[in-house]
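Chemist: Sending over a structure as structure tokens; questions will come in a sec.
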Amino acid sequence: MQRHEMIDHARLVMRDNDRGTYTVPTHGLYPFQWNWDSALSALGFSHFDEARAWQELTTLMAHQWADGMVPHIIFHRPDDGYFPGPEVWGTGHTPPTSGITQPAVAGFAVARIHARAHDKVLADEQARALLPKIHAWHQWFYRCRDPQGTGLVAVLHPWETGRDNSVDWDAAFERVPTEGVAPFTRRDTTHANPAHRPTDDQYKRYIWLVQTFRALGWDNSKLHDASPFQMVDPGFNAILIRSCNDIADLAERLGLDDIAVQSRDMARRGLDAMETLWNDRLGQYACLDRTTGDLLDSPSIGGILAAFAPIPKARAAALSQRVEVLSHSCNYLVPSHDPTSPDFEGLRYWRGPVWLIVNFMIADGLEQAGETAMVPRIVGDCLALIEDSGFAEYHDPITAEPCGGAHFTWTAAMVIELLYAHGLVV
Ligand code: GLC
């Protein structure tokens, strides 16, 4: 496929999933607006329609809760093709939203789109409107998800990390009960191959957490301490730190001094604390289970995604080295779990497959750190996967088999972003 054909195809995917003021990740499987999907998809739009890119972010932030939280799903229109729908969440918002959040990539997206905008007047106006909201979300994270002030936030549900069924959650998930879960029918397995999706047992535990938080009235001053699942994910924290850092720069330029100073402070404290997540045995960062205090030994992509934050140079070099090691056990970088680990499953969602969004963030972080050795390989593998197997949700890192949903918005957005940002099309 010629590069310009790839762009045309990617734009078609984005257009098909465009609902006017927001995009759905893909028709059928995910018929609503998802938080980090939207923020990353805005990057794709920004190369051919800046106003539409800003619109995507504006719609997302319009559904922020009064406490600052930005929900992971906004149920703009009814659709019974997805479970769990609004009636299970019961958050009482209009339009309905879920009650948990997702990786805070919006701040990074705003800063990146602003920095390269052609329409500077529009960009300044949009950034001025969005930054206070994004900043309130970042403050919510450190207030509600780091009540002890460690500098690192915990997620309370695997769906918050965006890496729903990662091996990282397995041990902690054993402690999440299944008793009392109301009977339900999954809808995801009617849209995608069940062998590519989480198991039924995992789904019961996902829903147990939702029911428990709902019983607490979605009160974020209570949820953290009440949750049996409190996971400190390096990738998740890295995204938050990067966004705090990037909006600090932008706020400075726009004269929003309070936001700049406070964001810089949150980023610095986060970065200092990231050091406690370094796992020497793995040669990468790892998750910390806050309920037990254990630093995990799980070689997942969460610890490599930490490259997205402005981590110390030696750590970025080590992560680049780690990616190089992974390249010996797969054909397409970067697998979401180490293929040499017994837990690796090449087709099952976040337990092995490659995701373009994660590849983009790892490549971007390594590039910012000046650790560019693996970047062309990561970018090249992304494009090869699309050429071989199309715009799938994720791909097997050994065979390139397309998995999950097809015709996927953020996959398409990342193709556009990677081709333009790496000067591979003009
Ligand atoms: C799945 C993914 C999550 C994504 C969502 C919509 O739940 O794990 O990261 O945001 O689908 O694409």
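Read-outs throughout are calculated quantities, based only on the coordinates presented, and are distinct from any laboratory measurement. All values reported here derive from a predicted model rather than from experimental measurement. Using ideal geometry, Cβ is built from the backbone for each residue, glycine included, and neighbour counts are taken over all protein chains shown.
Chemist: Quick one: what are the phi-derived ³J(HN,Hα) couplings along segment 58-69, Karplus 6.51/-1.76/1.60 with θ = phi - 60°, whole Hz, x for glycine and proline?
Modeler: Karplus-based 3J(HN,Hα) across segment 58-69 equals 5, 4, 4, 6, 5, 10, 4, 7, 4, 7, x, 5 Hz.
Chemist: Here is a further query. Any chance you could get the radius of gyration and Dmax over the Cα atoms of the chain, in Å?
Modeler: 19.7, 57
Chemist: So, one more: Between R15 and T190, what is the spin-label point distance in nm, taking each point 7 Å from the Cα along the Cα→C-beta axis?
Modeler: 3.0 nm
Chemist: With a 10 Å cut-off between alpha carbons and a GNM built on the chain, which of P335, P132, P183 moves the most?
Modeler: P183
Chemist: So how much slack lies between D272 and Q211, counting 0.36 nm per residue of separation and subtracting their Cα-Cα distance, in nm?
Modeler: 18.5 nm
Chemist: What distance in nm separates the two pseudo spin-label positions at D67 and T199, each 7 Å out from Cα along the beta-carbon direction?
Modeler: In this crude label model, D67 to T199 measures out at 3.2 nm.
Chemist: Note the full-extension length gain between R116 and T178 as 0.36 nm times their separation in residues minus their Cα-Cα distance, in nm to one decimal.
Modeler: Extra length from R116 to T178 when fully extended: 17.5 nm.
Chemist: List the residues whose amide H sits under 5 Å from the amide H of R187, counting only those 5 or more places along or on another chain, with H placed 1.01 Å from N in the peptide plane.
Modeler: When sequence neighbours closer than 5 places are left aside, the close amide H contacts are F83.
Chemist: What list of ³J(HN,Hα) values in whole Hz, one per residue of segment 136-147 in order, does the Karplus curve 6.51 cos²θ - 1.76 cosθ + 1.60 (θ = phi - 60°) give from phi, with Gly and Pro shown as x?
Modeler: 4, 5, 4, 5, 4, 4, 6, 6, 9, 10, 9, x
Chemist: Using a 10 angstrom cutoff on alpha carbons, build the Gaussian network for the chain and name the most mobile of R186, R377, R348.
Modeler: Most flexible of the set in this elastic network: R186.
Chemist: Let me ask something else. Can you sort Y394, Y285, Y82, Y142 from fewest to most other Cβ atoms within 10 Å of each residue's own Cβ?
Modeler: Y82, Y142, Y394, Y285
Chemist: Where does segment 358-426 land on Rg(C-alpha)/(2.2 N^0.38 Å)?
Modeler: Cα-based Rg divided by the globular estimate yields 1.09.
Chemist: Right, here's the next one. What list of ³J(HN,Hα) couplings, whole Hz, do you get for segment 407-417 from phi and the Karplus terms 6.51, -1.76, 1.60, once you set θ to phi - 60° and write x for glycine and proline?
Modeler: Along segment 407-417, the couplings run 6, 9, 4, 6, 4, 5, 4, 5, 4, 4, 4 Hz.
Chemist: Ok, one more. Quick check: pseudo-label points 7 Å beyond the Cα along Cα→Cβ at T150 and A129, how many nm apart are they?
Modeler: The two pseudo-label positions are separated by 3.8 nm.
Chemist: Whole percent per 5 Å bin, from 0 to the bin with the longest distance: what is P(r) over all C-alpha pairs of segment 188-341?
Modeler: Calculated over all Cα pairs of segment 188-341, the distribution is 2, 8, 13, 14, 16, 16, 15, 10, 5, 1, 0 percent.
Chemist: Please give the contour-minus-distance gain from L424 to T340: 0.36 nm per residue of separation, less the Cα-Cα distance, rounded to one decimal in nm.
Modeler: 27.0 nm
Chemist: Using helices alone, I'd like the mean residue ellipticity at 222 nm for the chain: each DSSP H run of four-plus residues gives -39500 (n - 2.57), total over residue count, nearest 500.
Modeler: It lands at -14500 deg cm²/dmol.
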